[in-house]
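Working notes, structure below.
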Amino acid sequence: MKLTTKGRYAVMAMADLAANSEGRPVSLADIAERQQISLSYLEQLFGKLRKCGIVRSVRGPGGGYRLSRVAEETRIADIVLAVDEPIKATRCRPGSSKGCQSSQGRCLTHDLWEELGNQIHHYLSSVSLADVVARRVLSTGRATSFAADGAERPMAQL
């Protein structure tokens, strides 16, 4: 599965908004400058985020955008889905009974990729915007696997 710039940039911009709002609206121009994202692209993304109720716009001098709810309650999956970024790993259309093969059947590995998409969605749903801003999603960088006895061990020890 490949997450496109829509999803990545939306999460980057929302993390910037959460980190820099301090109770006041943040302008998209400021976010664009700090994150090095095109202002016009951010305007498109924030239009979608606003329609989904994730952000609120504030007009007038000192206007900009605010989070609609606290960062602890804003899930990364909600941000990604709001900008029309499907969280899937199969070639098939979500919700379709037809598969991706020319016979309209599902490929042999369909269930594997579908479950991967489910796991990604589950993970992104478990991470809040506050977690990202506080850097509570850092991995240990260690690859692990399960040994024959069922114990989880670093890959180098297997």
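The values are calculated or read from the model by the stated rules, or taken from the named source; none is laboratory data. None of these values were measured; they are calculated from a predicted model. Reconstructed Cβ throughout: ideal geometry from the backbone, glycine too, with neighbour counts over all protein chains shown.
Can you pull out every residue in segment 74-107 that is at pLDDT 90 or above and either basic (Lys, Arg) or in contact with a Ser or Thr (Cβ under 7 Å, 6 or more places away or on another chain) (or both)?
THR74, ARG75, ALA77
In segment 9-22, is there at least one residue being surrounded by fewer than 18 Cβ atoms within 10 Å (Cβ to Cβ), touching a strand residue (DSSP E or B) at 6+ places or on another chain (Cβ under 6 Å) and not hydroxyl-bearing (Ser, Thr, Tyr)?
Looking for residues that are surrounded by fewer than 18 Cβ atoms within 10 Å (Cβ to Cβ), touching a strand residue (DSSP E or B) at 6+ places or on another chain (Cβ under 6 Å) and not hydroxyl-bearing (Ser, Thr, Tyr), one finds at least one in segment 9-22, hence yes.
Which residue pairs have Cβ atoms closer than 9 Å, lie 6 or more positions apart in sequence or on different chains, and pair a first residue in segment 58-84 that is under 17 Å from SER126 (Cβ atoms) with a second residue that is in a helix (DSSP H, G or I) and among the charged types (D, E, K, R)?
Hits for this filter: ALA71/ASP131; GLU72/ASP131; ILE76/ASP131; VAL80/LYS6; VAL80/ARG8.
Identify the single condition in (1) in contact with a Pro (Cβ under 9 Å, 6 or more places away or on another chain); (2) under 30 Å from GLU115 (Cβ atoms); (3) basic (Lys, Arg) that LYS48 does not satisfy, given that it satisfies every other one.
(1)
Cβ-Cβ below 9 Å, separation at least six or inter-chain, first residue in segment 17-32 and modelled with pLDDT under 95 and hydroxyl-bearing (Ser, Thr, Tyr), second surrounded by 13 or more Cβ atoms within 10 Å (Cβ to Cβ) and not in a helix (DSSP H, G or I): which pairs?
SER21/GLY64; SER21/TYR65; SER21/ARG66; SER21/LEU67
Scan the helices (runs of 4 or more DSSP H) fully inside segment 1-65 and keep the ones with 2 or more residues being touching an Asp or Glu at 6+ places or on another chain (Cβ under 6 Å) and closer than 16 Å to VAL80 by Cα.
Per the criteria, 5-20.
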